[in-house]
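Okay, structure first, notes after.
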Amino acid sequence: MTKLNLRLPDDLYTRAKALSAADDRSLNSWLVSLVRRAVEDGERRFAQGG
């Protein structure tokens with residue numbers, strides 16, 4: 001597994017932390033799920049030629 005340092009504006013960090021807590025997940029786990037979804041969506045769009 002690769003480690004990544006991510007700098008977020010304070011307001012975005014606070015909002016993301018609150019949403020991850022509401023989803024009963026760590027911020028890291030929540031962010032991984034969002035990045036995974038975005039990558040999969042991007043791959044699907046690319047495979048469809050658009």
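Quick one: would you say Arg44 is under 13 Å from the mean Cα position of the chain (by Cα) and either surrounded by 10 or more Cβ atoms within 10 Å (Cβ to Cβ) or touching a residue at least 24 places away in the same chain (Cβ under 8 Å) (or both)?
Numbers: under 13 Å from the mean Cα position of the chain (by Cα): no; either surrounded by 10 or more Cβ atoms within 10 Å (Cβ to Cβ) or touching a residue at least 24 places away in the same chain (Cβ under 8 Å) (or both): yes.
When the stated conditions are applied, Arg44 does not pass them.
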- Item | The listed residue being surrounded by 11 or more Cβ atoms within 10 Å (Cβ to Cβ) and out of contact with any Pro (no Cβ under 7 Å at 6 or more places or on another chain), out of Leu4, Leu31 | Leu31
- Query: Is segment 8-18 home to any residue that is part of a loop (DSSP other than H, G, I, E, B) and at pLDDT below 95?
  - Reply: no
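The values are calculated or read from the model by the stated rules, or taken from the named source; none is laboratory data. All of these numbers come straight from a predicted model, not from anything done at the bench. Glycine gets a Cβ as well: all are built from the backbone with ideal geometry, and neighbour counts include every protein chain shown.
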